[in-house]
Structure formats: C-alpha cells, structure tokens
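Here's the structure we're looking at; comments come further down.
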Amino acid sequence: MKQDTLVILLQKWEDVFMSNSMQSILTFARQNNLSMSQMGTLTRLQRDGTSGVSEMSEELGISNAAVSQMLERLVQQGLIHRTEAAHDRRAKVIELTEKGRQMVSEGLYVRQQWFSNLAASLSAEETQKAAEGMNILINKVTNMDNFNEEKRKSRVCCD
C-alpha cells in the first residue's frame, strides 16, 4: 500500500471519527439545554479544576461580560459555583459542582458510546486486525510526541 493511500484512509477515519463524536456531543448538549461553549467550559473545568473569568474569556475569544452571562446560566443550573478569589475579592474562581462533574462524565460516555457499537459490529478477525493497526499508530504517535517534546526542550536560543 502506498503511503498516500494510508494518508487518505487516515483522513477518512478522522472525518468519520469527528462526525460521530461531534454529533453525539451536540445531541447530548441540546438535550441538556447547554450550548457548545457551555459544554466546553464544563469540560475545561473538569480538566483544569478551576478557572477565572478572564482565562475563560481569553480561551473562548469572547468578552468577560459574555462569559459572565454564560457562567450565570451554569450557576443557575447547579453545574458550577463561583467564589471570590482569596487574593482578590473582585476576582471570581469558577469550579464544577458534583452535578457538573456528572454532566461532563455523561457527555464523555455518550460521545464515546459509538466506539462500543463499532467494536461490537466487528468479527473476531476484524477486531484483531483493528487492534494491531491501532496499537501501531498509537505507538508511532507516542514516539513522535516524545521525540518532538525532547526536540523542543533541547532547543537553546542564545541572544
């Protein structure tokens, strides 16, 4: 198989993966009266623990006022809570509530559920081949990431 053919197949896989993944999370967000920005904010808080309004504003590329409105809706839904920052009472610290953590977990589960459906549709032989191929790709990407990280760390710039 030519390398170009593999690149095309990887691009097709990416299209299928992204389409299924995004459709699942969009449906989940709509069913739970959340926008994608709100879902993204909850996911970010799950990953990072806490955040401030300014950091969210910068990450989302919207004004502090717009972020504050979005956060207020999440507070009203019981998904996050805001507290005053210890170092500056004017600044707010945003974190997930237990209900918010549960929402993110459910969203992740729904988003990944199609993997189980796909795996269940494969024969034993197809499962073995797919697993071998995925392991090869995962190992290569991991090695590339490690190499690129080492390369980045070793760059020294002298002025």
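Note on the chain: lysine pairs with Cα distance below 26 Å, sequence gap of 8 or more or different chains, count 8. Can you tell me the 0 to 90 degree angle between the C-alpha axis of helix 36-48 and the longest principal axis of the chain, rounded to 10? Roughly 90 degrees, rounded to the nearest 10.
Counting only alpha carbon atoms, the long axis of helix 98-121 and the longest principal axis of the chain meet at about 10°.
Restricting the calculation to alpha carbons of the stretch 53-103 gives Rg and Dmax of 11.1, 30 angstrom. With a Förster radius of 30 Å applied to the C-beta separation of Met18 and Ser123, the computed FRET efficiency comes to 0.70. Counting Lys +1, Arg +1, Asp -1, Glu -1, what net charge surrounds Gln69 among other residues with beta carbon under 15 Å of its beta carbon? Result for the local shell: +2.
Read the figures in this text as sums done on the coordinates, not as results from a lab. Given the structure is predicted, the values throughout are model-derived calculations rather than measurements. Don't worry about glycine lacking a Cβ; one is built from the backbone with ideal geometry, like all the others, and counts go over all protein chains shown.
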